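One structure is given here, and the rest of the page talks about it.
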Amino acid sequence: MMPWFIGFIIFGLYPMIMSLYYSMCRYDVLRIPQFIGLGNYEKLIFEDPYFWTSINNTLVYTFLRVPLCILGSLLLAVLVNNAVKGVKFFRTIYFIPSIVTGVVLSVVWLWMFNPQYGLLNSFLAYLGIPGPLWLLDPNWSKPSLVLMSIWSIGGGRMLVFLAALQGIPKHLYEAVDIDGGGWWARFRNVTIPMLSPVLFLWSVLEIIFSLQVFVEAYIMTQGGPLNSTMFYNLYLYNKAFNDFEMGYASALAWLLLIISLIITIIQFRLSKKWVHYEGMIR
């Protein structure tokens, strides 16, 4: 265990401790850190308008993206759970897009969102519908990135939902059929309750992932237009590597950790009311 332990201390624990220290310092890499206590945090919360802009953008993106991704993955898993001919082929086809890396995916969608030559507006023009400016319009920029994120609904989430669906006892569906219930009764009274632990798992993970959104905005918009996609991690990156305010960026990082922790605690508290684990015990 020693090689792993040494690596964890050097590349994990030590940077975390130093970032906590730097978050209470005025530090620009070139000069010795000057301890200022909670000065960076006070400036963030009470003086920096871009901090609140980045918070708002990130939360809006999160609450738009998370339900669509989870619901899309669940419905796709329900679709490929049917025992039809060629279902393994369709499972593979739906999964392949999720293996594309974030940078490549961003470049492809950057072309698709082109207002003049992009695939989306060309398709809308074929239908006689005028396409929006997508990433060039502050009102459409965040929905555009949310639309792009749906590309990966056939990935890991779909596979986990598929495995959970295949673990649901068949007699529960048979009981609903005996009572005269249709597909909606089966889905609402059996599928959703039995999948509630998996839904809870992905809601926690996807909110954390969404709060850390960075690559898409960095490559496709650089925070524009009009700071409409200035997400939290992009703002943190700009402060650290463009403005060289490492102390300020460290404070941003620790505030993101606190925000993520608070949201996760709230989710765990609320989960007691709707997550059912009894059905998973065999």
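Exactly one residue out of VAL176, VAL104, VAL108 is outside any loop (DSSP other than H, G, I, E, B) and touching a helix residue (DSSP H, G or I) at 6+ places or on another chain (Cβ under 8 Å), and it is VAL176.
Here's the yes/no breakdown for (1) free of Cβ contacts under 8 Å to residues at least 40 places away in the same chain; (2) closer than 15 Å to ASN233 by Cβ; (3) touching a strand residue (DSSP E or B) at 6+ places or on another chain (Cβ under 6 Å):
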| site | (1), (2), (3) |
| --- | --- |
| TYR50 | no, yes, no |
| SER54 | no, yes, no |
| CYS69 | no, no, no |
| GLY72 | no, no, no |
| GLY86 | yes, no, no |
| ARG91 | no, no, no |
| SER106 | no, yes, no |
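Determine whether SER73 is surrounded by 13 or more Cβ atoms within 10 Å (Cβ to Cβ), polar (S, T, N, Q) and touching a helix residue (DSSP H, G or I) at 6+ places or on another chain (Cβ under 8 Å). Yes.
Among the residues making up the range 206-234, those that are surrounded by fewer than 16 Cβ atoms within 10 Å (Cβ to Cβ) and free of Cβ contacts under 8 Å to residues at least 40 places away in the same chain are PHE209, PHE214, GLN222. Scanning the range 130-167 for residues that are among the aliphatic types (A, V, I, L, M), touching a Ser or Thr at 6+ places or on another chain (Cβ under 7 Å) and in a loop (DSSP other than H, G, I, E, B) gives a single hit, ILE153. Of the candidates GLY102, GLY37, the single residue that is surrounded by fewer than 17 Cβ atoms within 10 Å (Cβ to Cβ), over 21 Å from MET230 (Cα atoms), in contact (Cβ under 8 Å) with a residue 12 or more places away in the chain and of a type in the set (Gly, Ala, Ser) is GLY37. With respect to LEU79, is the statement that it is hydrophobic (A, V, I, L, M, F, W, C) and surrounded by fewer than 17 Cβ atoms within 10 Å (Cβ to Cβ) true? Against the criterion (hydrophobic (A, V, I, L, M, F, W, C) and surrounded by fewer than 17 Cβ atoms within 10 Å (Cβ to Cβ)), LEU79 qualifies.
Bear in mind these aren't lab numbers, they're just calculated from the coordinates by the rules spelled out. Not measured: the values here are computed from a predicted model. As a convention, Cβ positions derive from the backbone with ideal geometry for all residues, glycine included, and neighbour counts pool all protein chains shown.
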